[in-house]
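Colleague: After the structure tokens below, expect a handful of questions from me.
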Amino acid sequence: MSTLKTEVAQARQAAYPIDEVNLNRWSPRSFLEKEVPETTLKSVLEAARWAPSAFNFQPWRFIVARTREERETFFPFINEFNRSWCEKAPVLVLIVSKKVSDKGDFVSHAFDTGSAWGLFALEATRQGLATHAMLGFDQAKAREILGVPEEYAIQALVALGYQGPKENLPDGMREREVPSPRLPIEEIAFQGSFGRPLK
Ligand SMILES: Cc1cc2nc3c(=O)[nH]c(=O)nc-3n(C[C@H](O)[C@H](O)[C@H](O)COP(=O)(O)O)c2cc1C
């Protein structure tokens, strides 16, 4: 039995069999003003915790805003467009990564933290939640307001919560509230050397 979300089934078909959570995870902008239980949020963060990283350095850090007061601290560094929809999301998370290990080695902090965000997003989907990552915010302001030390790179801001109906969105955003397609495998995977078609 298919567990594909209706709007996903219309927009996304996997070319090869995969777990449907990969298709069901998408980035809506309509969120319900409904609290995420603390245990559910912890499950999402728990999944991120198990991401792989170089030397098991685990460079990812998550700054969570859940209360109204905490979220209002985030709003001033978010650009107008993103703020207009993410204000309703009950949880905002700034994801940052430690750039250098305790021994002073440069680590693959961005790559590894991207893995953690991927697991975070998939677990959120399994828990019935939606995620939407953002780069449209002022990183310097975020660093200053949230006290992020210089040795941490700012990676992305994420809205987390329960998906709302697209009808709740203003004109212009409503039409864009659809799951996006993907490039075919032939365009992203090569065989033997760069650009050589995968057999
Ligand atoms: C690092 C990152 C930054 C993004 N920044 C924004 C953003 O500032 N505003 C926005 O509306 N969507 C943003 N997105 C959402 C992407 O546009 C979206 O993930 C992409 O179109 C693929 O669609 P899907 O996530 O629904 O599969 C961002 C996504 C990522 C991963």
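The values are calculated or read from the model by the stated rules, or taken from the named source; none is laboratory data. These figures come from a predicted structure and were not determined experimentally. All Cβ positions, even for glycine, are placed from backbone atoms using ideal geometry, and neighbour counts span all protein chains on display. Remember, those area values only see protein heavy atoms, side chains included, never the ligands or the DNA or RNA. Shrake-Rupley method; radii C 1.70, N 1.55, O 1.52, S 1.80 Å.
Colleague: Roughly speaking, what % of Cα-Cα pairs in the chain are separated by over 24 Å, rounded to a whole number? Don't skip to the answer; put the middle values down first.
Modeller: Numbers: 9372 of 19701 pairs.
Of the Cα pairs, 48 percent sit more than 24 Å apart.
Colleague: Each label point is 7 Å from the Cα along the Cα-to-Cβ direction; what then is the distance between the points at Ala110 and Leu183, in nm?
Modeller: If labels sit at Ala110 and Leu183, their model points lie 1.7 nm apart.
Colleague: Starting from the Cα of Phe55, step 7 Å along the direction of its Cβ; do the same at Arg174; then give the gap between the two resulting points in nm.
Modeller: Each label point lies 7 Å from its Cα, and together they span 5.4 nm.
Colleague: While we're here: How many Lys pairs in segment 31-164 lie less than 22 angstrom apart by Cα atoms, where the lysines are 8 or more positions apart or on different chains? Each step should come with its number before you reach the end.
Modeller: Working: Lys34/Lys42; Lys34/Lys88; Lys42/Lys88; Lys42/Lys98; Lys88/Lys141; Lys98/Lys141; Lys99/Lys141.
Qualifying lysine pairs in segment 31-164: 7.
Colleague: Ignoring everything except DSSP H segments at least 4 long, calculate the 222 nm mean residue ellipticity for the chain; use -39,500 (n - 2.57) per segment, divide by total residues, nearest 500. It would help to have the intermediate numbers written out before the result.
Modeller: Numbers: 8 runs with 66 residues, N = 199.
Calculated mean residue ellipticity at 222 nm is -9000 deg cm²/dmol.
Colleague: Grab the Cα-Cα distance for Arg68 and Gln191, subtract it from 0.36 nm times how many residues apart they are, and report the gain in nm with one decimal.
Modeller: Values: separation 123, 0.36 × 123 = 44.28 nm, distance 5.02 nm.
Going from the current span to full extension adds 39.3 nm.
Colleague: Where the only charges are on Cβ atoms (+1 Lys, Arg; -1 Asp, Glu), what is the dipole of the chain about its Cα centre, to the nearest 20 debye?
Modeller: Numbers: 25 positive and 26 negative charges, 69 e Å.
Charge dipole, the chain, about its Cα centre: 320 debye, nearest 20.
Colleague: Could you put Asp105, Asp112 in order of accessible surface area, largest first, with the 1.4 Å probe and the full protein assembly present? Intermediate results must be reported in sequence, preceding the final value.
Modeller: Working: Asp105 70, Asp112 5 Å².
These residues rank, largest area first, as Asp105, Asp112.
Colleague: Which one of Phe137, Phe31, Phe55 has the biggest mean-square fluctuation once the chain is modelled by GNM with Cα springs under 10 Å?
Modeller: Phe55
Colleague: Pick from Thr39, Thr67, Thr131: which is most flexible by mean-square fluctuation in a GNM of the chain where alpha carbon atoms under 10 Å apart are linked?
Modeller: Per the Cα network of the chain with a 10 Å cutoff, Thr39 tops the list.
Colleague: Could you give the length gained by full extension between Leu146 and Lys34, i.e. 0.36 nm per residue of separation minus their alpha carbon distance, to one decimal place?
Modeller: Numbers: separation 112, 0.36 × 112 = 40.32 nm, distance 2.44 nm.
Taking Leu146 through Lys34 to full extension adds about 37.9 nm, to one decimal.
Colleague: With the chain treated as a Gaussian network of Cα nodes joined by springs under 10 Å, which of Val158, Val96, Val178 yields the largest mean-square fluctuation?
Modeller: Top of the fluctuation ranking is Val178.
Colleague: In the chain, with Lys and Arg counted as +1 and Asp and Glu as -1 at Cβ, which of these residues, Asn79, Pro197, Gly172, has the Cα nearest the positive end of the dipole, that is, farthest along it?
Modeller: Sorting the options by dipole projection puts first Pro197.
Colleague: Less than 13 Å Cβ to Cβ from Arg49, Lys/Arg counted +1 and Asp/Glu -1: what total charge do the surrounding residues give? Write down the numbers at each step before the final one.
Modeller: Values: positive: Lys42, Arg61; negative: Glu46, Asp112, Glu123.
Around Arg49, the charge tally is -1.
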